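S.K.: For reference, the structure I am asking about is given below.
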Amino acid sequence: MDTPSRQACTGLVVLLVLTLSAQSRAFELPESVQIHGFLSQGYISTSGSNNFFGESSDGGSWDYREIGINGSWRPTPKLQFSMQVVGRDAGKTDNDGVRIDYGFADYSFISDADRLWGARVGRITNPLGFYNETRDMPFTRPSILLPQGIYFDINRNLALSADGVQIYGEERTSIGDFYFQAGAVQPRTDDPAFQDSFTGGILPGKLDGRLSWVGRALYERDGGRIRLAVSGGVFRGKYDPKQGQIDLEDGRFRFAPLVFSAQYNAEKWSLTSEFARRTGEFRDFGPFLSDDKATGQSFYIQGTYRFAPKWEAVLRYDELRWDKDDRNGKGWEAATGFPAHTRYAKDWTVGLRWDITPRIMLRAEYHRVKGTGWLAALENPGMRPTPILPSTLEDDIDEDWNLFALLASFRF
Amino acid sequence: MSQIQGEKIREATGRPYLALLIGLRLRSLVMADRSLRPQRRSPCLQRVLLACFVGCFLMVPRLPLAEELVVANPSAPVDALSPTALRAIFSMRLRSWPDGSPVRVFVLPDDAPGHVQFAKQLLSIFPHQLRRAWDRGVYSGTGQAPNLVKSDAAMRAAVANTNGAIGYLPREMVDASVRVIEVE
């Protein structure tokens, strides 16, 4: 077990002991301590031989679990310590076990009725779009799977949180509330599917995070009736080559997402849309890997309708393009010989949510997808984006496919 | 604020329709009773029905809703809060009273009529928005959840017995054990 996992396990044990102690009343936790958590089990079934979160095309996959526990302690109103430990399993894209999703100290310099300003230090969730910060907590998601065009799960750890400092501010004015966050961080590059998407599963070495930036400006009117946000970041990393068959130099990658978000909330329904543009760049890897730069684009439009007190329905169209200058992937196919449909995905989703109690939720949803842009090559060898592998696997993956998912979640 | 006005307008336009339905129902009941059914509708009965109908029309919209008041522990250092401050407190974003002491927020379950009424009337937001704001705080580590109480009686006891507590109660539940906070 490597060191981060061991730290995370220790964290989990500490939190569990605290929870049990609080419940057995062996000793009283201070009033300013809170423990919360969630537990979730999913089932995913896909058509053809396309796999998502496990071998889902072969009779369905139960290999999608999320367990999280978090604790927060607020010794004074100005100071809060928070930590969340998560165990997550999502097919081959995530089987790394337990990890610390966030753990930081938060100090507010200014706090009154009209404003709040402060700073956080530690591992902090990245404020990207509306859903990123709590993406593992099933109750906070609009559907079982977040719109994959923007919140793709193959680089979940990289997207979710990073280590560093963050300045935040809130101004509550007569025309609405303004929220700002800006952070200087070192990104996490420990996602198996993210490492794989770069190394193709066969290159030696790994990617490490370097100094990066992330921030968001958010405007809320009438306590969130209208929400508008712009968020973005520049995530940078460096390749750490190890001796192997191929001599690569210590190249760099840069990943810069920019997300525009809008939401309208009525009592019974909500309308949400987000648009993302991201540039990805790889350079300085030496003669064996040419520099590569592409700008991708994604958006989704989503309606949710709370048609009965414990029920919610969702309808969404979500579109992902890995390269806006090669929207249908034809250029990619010509250049690499690999299927064009791995470069985009158009996903229609319908879903249903039933909150049996405030703590127990059941969900079902159906996706009809054209394109395989957000499937992981790690689980679908047919879409390997490297010319090094023999291309005998092309017919292993379908362009038109569908996905059915079920999820049961518990929270406390 | 526009949202509250919207709710009021909806109520105001919804209720006369209800009154009309009640009026028609009353009338059909009266008419169905053979002993009361006149050969020719008597002017008297007509007048009574009309009066009933108009009465319903005028009275129903004026029936007071169970009014929720903001209440705090008697130790609370303020008598009044601005709507902005109130919303910041119940969204779990304003963590302290003006004197720096911690605020402890108490709420009823999301679907309790008193909670729905309080959120819509006094905070001008829907309970599902509050829930999302709390969850965002709790599961990103940037906030904490409010304390949950099961009933108005439990709410009163909790607010009365917790330093720095704030909550809400229907007017008829308010007594000297808690302090009413004006929203202005």
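S.K.: In this structure, does A:I110 turn out to be without any contact (Cβ under 8 Å) to a residue 24 or more places away in the chain, in a strand (DSSP E or B), farther than 26 Å from A:A262 by Cα and of a type outside the set (F, W, Y)?
M.R.: Numbers: without any contact (Cβ under 8 Å) to a residue 24 or more places away in the chain: yes; in a strand (DSSP E or B): yes; farther than 26 Å from A:A262 by Cα: yes; of a type outside the set (F, W, Y): yes.
Yes: the conditions hold for A:I110.
S.K.: Would you call B:Y139 among the aromatic types (F, W, Y) and farther than 30 Å from A:M83 by Cβ? Show your work before the answer.
M.R.: Details: among the aromatic types (F, W, Y): yes; farther than 30 Å from A:M83 by Cβ: no.
Taking the combined requirement at face value, the residue does not satisfy it.
S.K.: Considering only segment A:152-172, I want to know if a residue exists there that is modelled with pLDDT of 95 or more and among the acidic types (D, E).
M.R.: Scanning segment A:152-172 turns up at least one residue that is modelled with pLDDT of 95 or more and among the acidic types (D, E).
S.K.: Restricting attention to segment A:69-111, report how many residues are more than 10 Å from chain B (Cβ to nearest Cβ) and among the basic types (K, R).
M.R.: Residues in segment A:69-111 being more than 10 Å from chain B (Cβ to nearest Cβ) and among the basic types (K, R): 3 in total.
S.K.: Here's another thing I want to ask about it. Select from segment A:363-378 the residues that are of a type in the set (A, V, I, L, M, F, W, C) and closer than 23 Å to A:I301 by Cα and list them in ascending order.
M.R.: Taking segment A:363-378 first, the residues of a type in the set (A, V, I, L, M, F, W, C) are A:364, A:369, A:374-378.
Within segment A:363-378, A:A364, A:V369, A:W374, A:L375 qualify.
S.K.: Still on this structure: Can you tell me which residue among A:L116, A:L145 is away from every other protein chain (no Cβ under 12 Å), over 22 Å from A:T189 (Cβ atoms) and buried (at least 19 other Cβ atoms within 10 Å of the Cβ)?
M.R.: Testing whether each residue is away from every other protein chain (no Cβ under 12 Å), over 22 Å from A:T189 (Cβ atoms) and buried (at least 19 other Cβ atoms within 10 Å of the Cβ) leaves just A:L145.
S.K.: Please go through segment A:340-360 and pick out each residue that is crowded, with 21+ Cβ neighbours inside 10 Å and in contact with a helix residue (DSSP H, G or I) (Cβ under 6 Å, 6 or more places away or on another chain). First the steps, then the outcome.
M.R.: Taking segment A:340-360 first, the residues crowded, with 21+ Cβ neighbours inside 10 Å are A:341-345, A:347, A:349, A:351, A:353.
Passing the criteria: A:T342, A:R343.
S.K.: Show the residue pairs that are 6+ apart or on different chains and have beta-carbon atoms under 7 Å apart, the first residue being within segment B:114-130 and farther than 15 Å from A:K268 by Cβ, the second being of a type in the set (G, A, S) and outside any helix (DSSP H, G or I).
M.R.: B:Q117/B:A66; B:L123/A:G223; B:S124/A:G223; B:L130/B:S91
S.K.: Among the residues that make up segment A:56-68, is at least one of them within 30 Å of A:D396 (Cβ to Cβ) and within 14 Å of chain B (Cβ to nearest Cβ)?
M.R.: Initial filter on segment A:56-68 (within 30 Å of A:D396 (Cβ to Cβ)): A:56-66.
Subsequent filtering for residues that are within 14 Å of chain B (Cβ to nearest Cβ) retains A:66.
Yes, some residue in segment A:56-68 is within 30 Å of A:D396 (Cβ to Cβ) and within 14 Å of chain B (Cβ to nearest Cβ).
S.K.: Evaluate segment B:83-92: report whether one residue or more is modelled with pLDDT under 90 and among the aromatic types (F, W, Y). Can you show your working first?
M.R.: Looking only at segment B:83-92, we keep the residues that are modelled with pLDDT under 90, and these are none.
Checked segment B:83-92: no residue is modelled with pLDDT under 90 and among the aromatic types (F, W, Y).
S.K.: Still on this structure, I have one more. Step by step: first the residues of segment B:73-85, then only those that are of a type in the set (A, V, I, L, M, F, W, C) and more than 9 Å from chain A (Cβ to nearest Cβ), then the one that is nearest to A:G176 (Cα to Cα). Which residue is that? If you could, list the steps in order and put the result at the bottom.
M.R.: Our first condition is that a residue be of a type in the set (A, V, I, L, M, F, W, C); within segment B:73-85, this holds for B:76, B:78, B:80-81, B:85.
Now drop any that are not more than 9 Å from chain A (Cβ to nearest Cβ), which leaves B:76, B:78, B:80.
Working: B:A76: 27, B:V78: 24, B:A80: 21 Å.
Among residues in segment B:73-85 that are of a type in the set (A, V, I, L, M, F, W, C) and more than 9 Å from chain A (Cβ to nearest Cβ), the one nearest to A:G176 (Cα to Cα) is B:A80.
S.K.: Oh, and also: I'd like to check something: does segment A:70-83 contain any residue that is of a type outside the set (G, A, S), under 16 Å from the mean Cα position of the chain (by Cα) and surrounded by fewer than 23 Cβ atoms within 10 Å (Cβ to Cβ)?
M.R.: Going through segment A:70-83, the residues of a type outside the set (G, A, S) turn out to be A:70, A:73-81, A:83.
With under 16 Å from the mean Cα position of the chain (by Cα) added as a condition, the list becomes none.
No - not one qualifying residue is present in segment A:70-83.
S.K.: How many of the residues making up segment B:143-158 are crowded, with 20+ Cβ neighbours inside 10 Å and more than 15 Å from B:H115 (Cα to Cα)?
M.R.: 2
S.K.: Residues in segment A:238-285 that are at pLDDT 90 or above and acidic (D, E): how many?
M.R.: Number satisfying all stated conditions: 2.
S.K.: Could you pull out the residue among A:I44, A:I67 that is of a type in the set (V, I, T), on the phi < 0 side of the Ramachandran plot, crowded, with 23+ Cβ neighbours inside 10 Å and within 21 Å of the chain's Cα centre (by Cα)?
M.R.: On the way: A:I67 fails: crowded, with 23+ Cβ neighbours inside 10 Å.
Checking each option against the conditions leaves just A:I44.
S.K.: Moving on to the next point. Is there any pair with a first residue in segment A:162-178 that is farther than 20 Å from B:G141 by Cα and a second that is surrounded by fewer than 21 Cβ atoms within 10 Å (Cβ to Cβ) and among the polar types (S, T, N, Q) whose Cβ atoms are under 6 Å apart and which are 6 or more apart or on different chains, and what are they?
M.R.: Here the result reads A:R172/B:T84, each pair linking segment A:162-178 to a residue that is surrounded by fewer than 21 Cβ atoms within 10 Å (Cβ to Cβ) and among the polar types (S, T, N, Q).
S.K.: For A:G54, indicate whether it is over 26 Å from B:G143 (Cβ atoms), in contact with a strand residue (DSSP E or B) (Cβ under 8 Å, 6 or more places away or on another chain), in contact (Cβ under 8 Å) with a residue 60 or more places away in the chain and assigned to a loop (DSSP other than H, G, I, E, B). Give the steps one after another, and end with the answer.
M.R.: Numbers: over 26 Å from B:G143 (Cβ atoms): yes; in contact with a strand residue (DSSP E or B) (Cβ under 8 Å, 6 or more places away or on another chain): yes; in contact (Cβ under 8 Å) with a residue 60 or more places away in the chain: yes; assigned to a loop (DSSP other than H, G, I, E, B): yes.
Criteria met by A:G54.
The values are calculated or read from the model by the stated rules, or taken from the named source; none is laboratory data. Note that this is a predicted model, so its numbers are computed, not measured. Here Cβ is always computed from backbone atoms with ideal geometry, including for glycine, and neighbour counts include all displayed protein chains.
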